[in-house]
Each structure stands twice: as structure tokens, then as C-alpha cells.
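These notes are about the structure you will find just below.
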Amino acid sequence: MLKMRSTNMIKTIKIISVFGTRPDTIKMAPLVNLLDKDKDIDHIVCVTGQHREMVNEILQIFAIFAKYDLDIMREGQTLEYVTSSVLTKFSEVLEKEKPDMILVHGDTNTCFSAALAAFYKKIPIGHVEAGLRTADIYSPYPEEFVRRTVDSIATLYFCPTKNNADNLIKENADKEKIYITGNTVIDTLQTTVQKDYIFKESILNRINFDKKKVIPITAHRRENIGINLENICKAIKQLASEYNDSQFIYTVHPNPAVKKTVNSILKGIDNVTLLPPLVFTDLHNLISRSYFVMTDSGGLQEEAPSLGVPVLVLRKETERPEAVTAGTVKLTGVDYSEIVKDGRMLFEDKSIYEKMSNAVNPYGDGNASHRIVGAIKEYFNNL
């Protein structure tokens with residue numbers, strides 16, 4: 001891995017950061033803010049509109065100005081539509097701006113399509129959150145394909161952990177272009193989590209977090225829709241009946257298939273609250289006050305451990321094994337009996353709970369954005 005040397009720039013670097021979904025906007029926000037302030041960097045933001053209202057809210061909170069908005073979001077949009085739209089429209093942005101590098105994040109269709117557009121024009125690509133892997137290209141889908149593909153054409157790799165860097169080295173990526181930075185979401189949490197926070201979702205302000213064990217839940221991945229999601233909901237129903245002094249808060253994705261399953265099994269249960277997706281500041285502050293988290297999300301596997309909150313991962317595999325190894329995350333799966341068993345374990349076994357909640361966060365110290373900016377300058381200084 002490349003060691004940092006002098007970062008005094010000879011010329012201004014033009015960089016375009018491109019993102020378009022709620023998760024990657026949350027994670028890119030602190031990096032964008034830092035790049036905007038850097039006198040050596042001419043920084044441009046392009047949002048694709050893969051998600052709409054949820055992204056606009058984050059841009060407003062972090063005071064981010066997007067010079068370009070591709071505005072691609074359509075009702076019922078398909079993977080093919082998102083890919084082709086971003087590829088075509090972002091190519092026009094690249095043709096006009098001619099940046100020295102673009103920055104993409106993670107594993108979204110925006111990431112894939114923007115990186116491909118840059119590759120076609122031989123523009124260097126910096127991949128934030130590079131090197132995450134599962135053993136199955138179809139799980140998560142299509143995210144695992146996106147990660148592998150973007151890393152195959154990236155110029156610089158910004159890895160949250162050593163494990164991510166090792167994955168890239170195994171795939172013969174250039175060791176000198178790999179940087180272990182930590183995860184930028186830890187940078188974000190330092191801004192969003194507040195002791196005296198007032199929730200925008202008023203229901204949450206009525207919860208006595210000191211007296212109730214609160215369990216936030218998210219489950220909506222494509223591969224879980226169907227029997228897996230039914231198992232998850234039935235297990236939540238069982239745990240809610242056994243631990244009726246606790247409060248389960250399920251933020252329900254707007255996907256009609258998800259809403260139908262969740263409502264049919266969990267609606268009307270006294271200690272199960274069904275809410276629409278929360279603004280991300282609400283979600284972060286909810287997690288920080290919670291007993292444990294149940295999720296099939298990738299991001300929550302990083303955010304909750306950094307706040308000392310155990311996580312039960314409702315998936316068969318994870319691209320974030322570091323938290324499992326550290327002990328703050330348990331890969332529970334989607335089997336009804338396993339979910340119930342692991343839920344009971346955290347409610348009843350104090351020693352296991354304390355071990356998970358006190359495990360060391362493997363995702364960094366909140367300075368990932370600074371490391372990424374330093375690495376970019378290092379790269380251009382050495383050209």
C-alpha cells in the first residue's frame with residue numbers, strides 16, 4: 001500500500017464526484033464537503049437522481065451544491081434504464097468538463113454506469129469503498145457485480161479495511177494504488193449523532209429509550225423478497241410476543257412487495273411500529289439509542305458497530321466480514337428459527353450482549369475523508 005508523502009500541489013486538480021442513492025450520498029457527504037474546501041481541487045458534484053427526495057434532503061443538510069443533476073428517476077425504473085440513462089447523460093458531463101478524475105462510491109448502478117462512462121473516455125476513476133466482496137456474484141444483486149466490475153477499471157482504491165485491500169491484492173490490483181482509509185460513514189456519524197437530538201418522526205420522540213429496549217429493523221433486499229422476508233417478519237412477530245416490554249421499529253421500504261408482506265404479518269401488533277423510511281439523521285440517532293439492530297442492509301452493518309450497538313444480519317452472507325470477526329455483528333441468516341434464537345440470545349444472555357456491544361469498531365476513526373483527499377493529491381503529485 002502506498003505511503004503518504006508531500007501533498008503540495010503543482011496544479012489544480014479537477015474532480016467530479018458522482019452519486020445518486022441515499023446510502024452513497026450519506027457516505028460521500030463528508031468527503032464532498034472536504035473536497036469543496038480544498039484550494040488545490042476544482043471540485044464538481046453530479047447527482048444522477050437514481051433516488052430523488054431522499055438525496056435532496058441529504059444535500060440540503062450538508063449544504064452540498066450539485067452543479068449537475070441528471071434527473072433520471074422514473075416510477076418503476078429498471079436496472080437497464082438506470083444503467084443506460086446514467087451512462088449516456090454522465091458521458092455528456094464528462095465531455096463538457098474533462099475532469100482529471102471522477103469519484104464513485106460503493107456498488108450502486110450509478111457507480112457502475114458513471115465508472116463505465118469515465119473508462120470509455122480514459123478518465124481515471126477513484127473508487128470509494130473499494131474491495132468489498134462476497135463469494136456469490138448474484139448476492140447481493142446486482143451490487144456484487146458492480147463492485148467487481150468497477151474495481152477492475154478503477155485507478156485508485158479507497159478501502160475501508162485491510163480485508164478489503166487484501167481482496168483487491170488477490171485480484172492483482174496495483175498495490176501502490178490501494179489505500180486503507182476507514183469508512184466515510186464514520187465521518188458522517190460524527191456530524192449526525194447528537195445527545196439532545198429531536199426526531200423529525202414525532203412518534204420516536206415519545207419513546208422512553210432509558211426504560212424500553214428498542215430494536216430498529218430494516219429488511220428489503222431483492223434477494224429477501226418472498227419467503228425470506230416472510231420468515232423475517234414471522235420471527236419478529238414471535239420475538240415481539242415474547243418480549244412485550246420492548247419496542248420493535250420497522251422502517252418499511254416503499255417497494256409494494258415489501259409493504260404487502262410486512263403489513264400482512266406485523267401490522268396491528270402493539271409493540272411493533274411500522275414507519276416509512278426515516279430521514280438519515282433520525283435513523284442514526286435512533287440506532288445510537290437502541291438495544292440492538294436487525295437488518296439486511298449493508299450500511300447499518302457499519303453504522304451500528306461504530307455506535308456500540310450489536311447487529312443481527314438478516315442475510316445468508318455479508319461483504320462486511322470484519323464486523324463479524326470483531327464480534328459486533330452476527331450473521332443470523334433468514335431462517336425463522338435462527339432469527340428467533342439469536343434474538344432471544346441478545347435479550348437474555350447479558351455476557352454475549354456486552355461482548356458484542358463492546359467489540360472494537362473495525363471501520364475506522366472518522367478521518368477517512370481526509371485520507372482520501374491526501375491519497376488523491378499524492379497520486380497527482382507523482383504523475
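The values are calculated or read from the model by the stated rules, or taken from the named source; none is laboratory data. Note that this is a predicted model, so its numbers are computed, not measured. Note: ideal-geometry Cβ built from the backbone for every residue, glycine included; neighbour counts use all protein chains shown.
Across the stretch 180-225, the qualifying residues are those that are among the basic types (Lys, Arg) and assigned to a loop (DSSP other than H, G, I, E, B), and the one among them that is surrounded by the most Cβ atoms within 10 Å (Cβ to Cβ) is Arg221. Among the residues of the stretch 134-158, those that are part of a helix (DSSP H, G or I) and either aliphatic (A, V, I, L, M) or over 24 Å from Arg222 (Cα atoms) (or both) comprise Val146, Val150, Ser152, Ile153.
Taken over the stretch 240-254, the residue count meeting the criterion of being surrounded by 15 or more Cβ atoms within 10 Å (Cβ to Cβ) and within 28 Å of Glu143 (Cβ to Cβ) is 6.
Of all residues assigned to the stretch 54-67, none qualifies as being closer than 18 Å to Pro99 by Cα and acidic (Asp, Glu).
Residues are listed down the side, and each one gets a yes or a no for (1) β-branched (Val, Ile, Thr); (2) under 27 Å from Phe209 (Cβ atoms); (3) assigned by TED's automatic domain parsing to the domain that holds Thr78:
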position	(1), (2), (3)
Gly226	no, no, no
Asn231	no, no, no
Lys234	no, yes, no
Thr273	yes, yes, no
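Evaluation of Glu322 against the conditions (1) in contact (Cβ under 8 Å) with a residue 40 or more places away in the chain; (2) surrounded by fewer than 21 Cβ atoms within 10 Å (Cβ to Cβ); (3) acidic (Asp, Glu) shows that the sole unmet condition is (2).
Taking Val185 as the residue in question, decide whether it is over 20 Å from the mean Cα position of the chain (by Cα) and touching a residue at least 60 places away in the same chain (Cβ under 8 Å). Criteria not met by Val185. Restricting attention to the stretch 92-105, the residues that are in contact with a strand residue (DSSP E or B) (Cβ under 7 Å, 6 or more places away or on another chain) and surrounded by fewer than 24 Cβ atoms within 10 Å (Cβ to Cβ) add up to 5.
Might you let me know whether the stretch 81-89 holds any residue that is under 10 Å from Val146 (Cβ atoms) and among the charged types (D, E, K, R)? No, the stretch 81-89 has no match at all. Could you check how many residues of the stretch 358-383 are without any contact (Cβ under 8 Å) to a residue 60 or more places away in the chain and either in a helix (DSSP H, G or I) or within 14 Å of Cys159 (Cα to Cα) (or both)? Total meeting the criteria: 0.
The number of residues in the stretch 268-310 being farther than 19 Å from Val360 by Cα and of a type in the set (Val, Ile, Thr) comes to 6.
This table checks each residue for (1) in contact (Cβ under 8 Å) with a residue 60 or more places away in the chain; (2) of a type outside the set (D, E, K, R); (3) over 27 Å from Val279 (Cβ atoms).
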| site | (1), (2), (3) |
| --- | --- |
| Val93 | yes, yes, yes |
| Lys96 | no, no, yes |
| Thr110 | yes, yes, no |
| Phe145 | no, yes, yes |
| Ile153 | no, yes, yes |
| Leu156 | yes, yes, yes |
| Leu189 | yes, yes, no |
| Thr192 | yes, yes, no |
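Scanning the stretch 325-383 for residues that are under 28 Å from Pro216 (Cα atoms) and among the charged types (D, E, K, R) returns Lys330, Asp335, Glu338, Lys341, Asp342, Arg344, Glu348, Asp349, Lys350, Glu354, Lys355, Asp365. For the stretch 18-133, the helices (runs of 4 or more DSSP H) that sit wholly inside it and include 2 or more residues that are β-branched (Val, Ile, Thr) are 22-37, 53-61, 79-97. Looking only at the stretch 159-168, decide whether some residue is assigned to a helix (DSSP H, G or I), surrounded by fewer than 22 Cβ atoms within 10 Å (Cβ to Cβ), touching a helix residue (DSSP H, G or I) at 6+ places or on another chain (Cβ under 6 Å) and without any contact (Cβ under 8 Å) to a residue 60 or more places away in the chain. No, because not a single residue in the stretch 159-168 is assigned to a helix (DSSP H, G or I), surrounded by fewer than 22 Cβ atoms within 10 Å (Cβ to Cβ), touching a helix residue (DSSP H, G or I) at 6+ places or on another chain (Cβ under 6 Å) and without any contact (Cβ under 8 Å) to a residue 60 or more places away in the chain.
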